[in-house]
1. When the residues of the range 79-96 are narrowed to those that are exposed (fewer than 10 other Cβ atoms within 10 Å of the Cβ) and closer than 26 Å to residue 52 by Cα, which ends up nearest to the chain's Cα centre (by Cα)?
2. Pull up the range 29-43, narrow it to residues that are touching a strand residue (DSSP E or B) at 6+ places or on another chain (Cβ under 8 Å) and assigned to a helix (DSSP H, G or I), then point me to the one that is surrounded by the fewest Cβ atoms within 10 Å (Cβ to Cβ).
3. Among the candidates 47, 26, single out the residue that is over 14 Å from the mean Cα position of the chain (by Cα), modelled with pLDDT of 60 or more, more than 13 Å from residue 87 (Cα to Cα) and surrounded by 12 or more Cβ atoms within 10 Å (Cβ to Cβ).
4. Looking only at residues in the range 62-74 that are touching a strand residue (DSSP E or B) at 6+ places or on another chain (Cβ under 9 Å) and over 13 Å from residue 32 (Cβ atoms), which one is modelled with the highest pLDDT?
């Protein structure tokens with residue numbers, strides 16, 4: 001997937017769900033530890049939102065089995081607050097990099 005498309009999609013998801021995400025905010029270290037301990041997720045991608053307003057990170061688990069193929073997107077703000085903005089399953093890497101795919 002193209003990096004710009006991914007960041008744009010995450011930014012859109014972030015703005016749409018910002019109010020709901022407030023309940024899913026906390027200390028980054030604690031959130032990252034919980035993602036690993038609960039879902040086996042590790043950081044697989046990161047980027048900075050336009051204007052440097054926040055850092056977006058994707059954590060995923062590519063193993064098969066009960067915890068496999070899950071993902072979580074978190075946003076960390078300059079004030080240190082970290083919020084979970086999206087989570088799901090069936091995460092996969094796309095190797096076809098043709099435009100429009």
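1. Of the residues in the range 79-96, the ones exposed (fewer than 10 other Cβ atoms within 10 Å of the Cβ) are 79-80, 90, 93-96.
Narrowing further to those that are closer than 26 Å to residue 52 by Cα: 79-80, 93.
Details: 79: 18, 80: 16, 93: 14 Å.
It comes out as 93.
2. 36
3. Values: 47 fails: over 14 Å from the mean Cα position of the chain (by Cα).
Selected residue: 26, the only one of 47, 26 that is over 14 Å from the mean Cα position of the chain (by Cα), modelled with pLDDT of 60 or more, more than 13 Å from residue 87 (Cα to Cα) and surrounded by 12 or more Cβ atoms within 10 Å (Cβ to Cβ).
4. Step one: filter the range 62-74 for residues touching a strand residue (DSSP E or B) at 6+ places or on another chain (Cβ under 9 Å), giving 62, 69-74.
Narrowing the set further to residues that are over 13 Å from residue 32 (Cβ atoms) leaves 62, 69-71.
Details: 62: 79, 69: 84, 70: 90, 71: 93.
The residue in question is 71.
The values are calculated or read from the model by the stated rules, or taken from the named source; none is laboratory data. Note that this is a predicted model, so its numbers are computed, not measured. Cβ atoms come from the backbone with ideal geometry, glycine included; neighbour counts cover every protein chain shown.
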